[in-house]
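**Student:** What follows is a structure written as structure tokens; I'll ask about it next.
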Amino acid sequence: MPDKGKEQSLVKEQQNDQRGPQDALRESEEKFAKAFHAAPTLMSISTLKEGRYLDVNEEFLNVLEFTREEVVGHTALKLGIWENPEDRQRMIRLLKENRRVRNFETNLRNKSGALIIGSISTEIIEIKGERRLLTLTRDITDFKKADQEREQLLNQLEAVLENINEGVVIADLQGKIMTMNREALAMHGYESIKQARGHLTNFMEDFYLRDLEGQTLPIEEWPLALALKGKRFNDYEIQLCHRNNGKKWVASYSGTPVHDKAGKMILAVITIRDVTGRKHMEEEIKILNARLAARAEQLEAANKELESFTYTVSHDLRKPLSVINGYCQVLKEFCGNTLDSQCRDFLDKTYDGTLHMNRLIDALLKFSQAAHILVRLETVDLSTMAEIIAAELKQTEPGRKVEFLIQPAITAYGDASLLQVVLENLLGNAWKYTARREQAFIEFGTITTEDQTIYFVRDNGTGFDMADAGMLFEAFQRLPGAEEIKGHGIGLATVARIIHRHGGRIWAEGTPDQGATFYFTLSDRKDRRLRERSGSSSKVLGA
């Protein structure tokens, strides 16, 4: 007979064996359910054919804004979750082909219609012997928006970089070139960014860098290396030399590290300007300045010699003139009654010659001083100055009929004593060259244009032929027919020197026997208060 104890033990073991897998399965299902509902990802279980939801987790309900009652038993199409139903059909086709789908991106809509960009992974599983569809959906809306913003920012950055006239190089913290703009690529002889991408040390194969004294720089002192160390710098000038083609140029670098909002360094940026042309110009300017300095010293020495010569000549000439002048006066006083008329005439001409020579020496001194005297700038009342000169001229020949028209309130910014010499010569010339006119007319006025004032002295005298105008402002050059007019041939040359020293110009217009007009300007620099606008009326001084 079988042992009853053994049979009972066997039955108990069989019951325990059956209870073990069931408990394990139940425990496994419980764990899955807890993970399913607690997962931070949208999860759902649906029928394979119709796609009816059998269960969804809390994240699914929170993100899509549905209640469990609104979802369970319904399809995503009916709930309007898929923005484009064709996307779901495409995903199902992929599922049938591969039994699983990973990271399928599509646009979804929640209950309120807000857009949600989802990344769907799904596969077929068995639950209690039934084939079901397990779907996990990651909400990547924020990620995609950030990605789009980053892409847009990169496009904008690229557009900006391509429109910068300077070369721009950006590298990561490992020293790898991330990008170069078109200007930087051209400087280094690269056709595309692919040729430029690489570690900083790779550039040592193509280039070597030197300071402006010609000393080769170690890579630690290269501009990008300095920026990667966190240093900021501007106008770091270096000579670049290409090892293969021998090209050499001078570049000016500026560099800066780039930090994120937290203050952590994330990039290094350098900008490059090719300053080879500028450096060549600076060298040429240095040479020119040295030559100009040497020339200025020579001119200074020549001017001092000329001043010394002029001073010496004027005194050496005046001494014998004074002797001749004195003897002429002595002869006239003691011997005048004993001389015949011809001898007295010779004596008078000799005496007049000494006076003329003395005035010529004065004129030469003024001509020399016009080029060297220090110009003292101030506001000068030219109208009042012209009135005084006109009155003095009329006193020299009170019998003449001369009408002066002097525009009032004419001012200029210049040296008062030198400008007086200008007016004395121009008005004096007009006085002399109108001597044959029964009714003489002399005018001093201005013409105002948009950017300057033109001063003029006009007369109705003998005039001149414009073909001879080039002789007017040359020393000792007198116009044909001017022999009868007293003068030294140096007054207008002195005037021209003074006008040029004031940054202006002088010219004349004339017609034989119909008068002449002399025009002049002063400095046309707008930042100097050279002139004030003058009135349009004229003041007539009686003859």
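**Student:** Please go through (1) of a type in the set (A, V, I, L, M); (2) within 48 Å of the chain's Cα centre (by Cα); (3) modelled with pLDDT under 85; (4) part of a loop (DSSP other than H, G, I, E, B) for ALA469 and return the number of the only condition it doesn't satisfy.
**Tutor:** Going through the list (1) of a type in the set (A, V, I, L, M); (2) within 48 Å of the chain's Cα centre (by Cα); (3) modelled with pLDDT under 85; (4) part of a loop (DSSP other than H, G, I, E, B), ALA469 breaks only (4).
**Student:** Does LEU134 count as open to solvent by less than 60 Å² (accessible area, probe 1.4 Å) and more than 56 Å from the chain's Cα centre (by Cα)? Walk me through it before giving the result.
**Tutor:** Details: open to solvent by less than 60 Å² (accessible area, probe 1.4 Å): yes; more than 56 Å from the chain's Cα centre (by Cα): yes.
Yes: the conditions hold for LEU134.
**Student:** Since LEU427 meets every condition but one in (1) assigned to a helix (DSSP H, G or I); (2) open to solvent by 20 Å² or more (accessible area, probe 1.4 Å); (3) closer than 14 Å to LEU393 by Cα, which condition does it not meet?
**Tutor:** (2)
**Student:** The conditions are (1) surrounded by 16 or more Cβ atoms within 10 Å (Cβ to Cβ); (2) assigned to a strand (DSSP E or B), and ILE124 fails exactly one of them. Which is it?
**Tutor:** Among (1) surrounded by 16 or more Cβ atoms within 10 Å (Cβ to Cβ); (2) assigned to a strand (DSSP E or B), the lone unmet condition for ILE124 is (1).
**Student:** So is LEU240 touching a Lys or Arg at 6+ places or on another chain (Cβ under 8 Å), within 30 Å of HIS188 (Cβ to Cβ) and part of a strand (DSSP E or B) or not? Talk me through it step by step, then tell me what you get.
**Tutor:** On the way: touching a Lys or Arg at 6+ places or on another chain (Cβ under 8 Å): yes; within 30 Å of HIS188 (Cβ to Cβ): yes; part of a strand (DSSP E or B): yes.
Against the criterion (touching a Lys or Arg at 6+ places or on another chain (Cβ under 8 Å), within 30 Å of HIS188 (Cβ to Cβ) and part of a strand (DSSP E or B)), LEU240 qualifies.
**Student:** Just a yes or no: is a residue in the range 353-363 under 30 Å from LYS332 (Cβ atoms), surrounded by fewer than 18 Cβ atoms within 10 Å (Cβ to Cβ) and modelled with pLDDT of 90 or more?
**Tutor:** no
**Student:** Please indicate, with yes or no, whether at least one residue in the range 101-116 is free of Cβ contacts under 8 Å to residues at least 60 places away in the same chain, closer than 20 Å to ILE266 by Cα and crowded, with 17+ Cβ neighbours inside 10 Å.
**Tutor:** The answer is no; no qualifying residue exists.
**Student:** Kindly evaluate LEU288 against the criterion of being part of a strand (DSSP E or B) and surrounded by 10 or more Cβ atoms within 10 Å (Cβ to Cβ). Explain how you work it out, then say what you get.
**Tutor:** Values: part of a strand (DSSP E or B): no; surrounded by 10 or more Cβ atoms within 10 Å (Cβ to Cβ): yes.
It is false that LEU288 is part of a strand (DSSP E or B) and surrounded by 10 or more Cβ atoms within 10 Å (Cβ to Cβ).
Quick grid of which residues meet (1) open to solvent by 60 Å² or more (accessible area, probe 1.4 Å); (2) at pLDDT below 90; (3) under 30 Å from ASN57 (Cβ atoms):
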residue	(1), (2), (3)
ILE120	no, no, yes
GLU130	yes, yes, yes
PHE143	yes, yes, yes
ARG150	yes, yes, no
ARG182	yes, yes, no
ASP206	no, yes, no
ASN234	yes, no, no
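**Student:** Against the definition (in contact with a Lys or Arg (Cβ under 6 Å, 6 or more places away or on another chain) and either at pLDDT 75 or above or within 30 Å of PHE441 (Cβ to Cβ) (or both)), how does ALA370 come out, yes or no? It would help to see each step written out before you state the result.
**Tutor:** On the way: in contact with a Lys or Arg (Cβ under 6 Å, 6 or more places away or on another chain): yes; either at pLDDT 75 or above or within 30 Å of PHE441 (Cβ to Cβ) (or both): yes.
So ALA370 passes the test.
**Student:** State whether one or more residues within the range 213-223 are touching a Phe, Trp or Tyr at 6+ places or on another chain (Cβ under 8 Å), without any contact (Cβ under 8 Å) to a residue 40 or more places away in the chain, open to solvent by 40 Å² or more (accessible area, probe 1.4 Å) and farther than 27 Å from ARG182 by Cβ.
**Tutor:** yes
**Student:** Kindly evaluate GLU220 against the criterion of being out of contact with any strand residue (DSSP E or B) (no Cβ under 7 Å at 6 or more places or on another chain), under 28 Å from LEU161 (Cβ atoms), assigned to a helix (DSSP H, G or I) and not aromatic (Phe, Trp, Tyr). Walk me through how you get there before you give the answer.
**Tutor:** Numbers: out of contact with any strand residue (DSSP E or B) (no Cβ under 7 Å at 6 or more places or on another chain): yes; under 28 Å from LEU161 (Cβ atoms): yes; assigned to a helix (DSSP H, G or I): yes; not aromatic (Phe, Trp, Tyr): yes.
The answer is yes for GLU220.
**Student:** Right, here's the next one. Which residue out of HIS488, HIS502 is surrounded by 12 or more Cβ atoms within 10 Å (Cβ to Cβ), under 24 Å from SER417 (Cβ atoms) and modelled with pLDDT of 60 or more? First the steps, then the outcome.
**Tutor:** Details: HIS488 fails: modelled with pLDDT of 60 or more.
The match here is HIS502.
**Student:** Which one of these is under 33 Å from the mean Cα position of the chain (by Cα), at pLDDT 80 or above and polar (S, T, N, Q): THR517, THR453, THR494, THR462? First the steps, then the outcome.
**Tutor:** Details: THR517 fails: under 33 Å from the mean Cα position of the chain (by Cα); THR494 fails: under 33 Å from the mean Cα position of the chain (by Cα); THR462 fails: under 33 Å from the mean Cα position of the chain (by Cα).
After applying the criteria, what remains is THR453.
**Student:** Okay, next question. Out of all the residues in the range 151-175, which are touching a helix residue (DSSP H, G or I) at 6+ places or on another chain (Cβ under 8 Å) and not in a helix (DSSP H, G or I)?
**Tutor:** ILE164, ASN165, GLU166, GLY167, VAL168, VAL169, ALA171, LEU173, GLY175
**Student:** Let me ask something additional. Taking into account only those residues within the range 248-283 that are in a loop (DSSP other than H, G, I, E, B) and open to solvent by 40 Å² or more (accessible area, probe 1.4 Å), which is nearest to ASN181 (Cα to Cα)? Before you say what the answer is, go through the steps one by one.
**Tutor:** Residues of the range 248-283 that are in a loop (DSSP other than H, G, I, E, B), as a first pass: 260-264, 275.
Then keep just the ones that are open to solvent by 40 Å² or more (accessible area, probe 1.4 Å); that gives 260-264.
Numbers: ASP260: 22, LYS261: 25, ALA262: 28, GLY263: 26, LYS264: 25 Å.
Among residues in the range 248-283 that are in a loop (DSSP other than H, G, I, E, B) and open to solvent by 40 Å² or more (accessible area, probe 1.4 Å), the one nearest to ASN181 (Cα to Cα) is ASP260.
**Student:** Looking at the range 60-83 only, could you name the residues that are open to solvent by less than 60 Å² (accessible area, probe 1.4 Å) and within 60 Å of the chain's Cα centre (by Cα)?
**Tutor:** Hits for the range 60-83 are PHE60, VAL63, LEU64, GLY80, ILE81, TRP82.
The values are calculated or read from the model by the stated rules, or taken from the named source; none is laboratory data. Computed from a predicted structure; not experimentally measured. Positions of Cβ are backbone-derived with ideal geometry, glycine not excepted, and every protein chain shown enters the neighbour counts. For accessibility, only protein heavy atoms count, side chains too; no ligands or nucleic acids. Shrake-Rupley method; radii C 1.70, N 1.55, O 1.52, S 1.80 Å.
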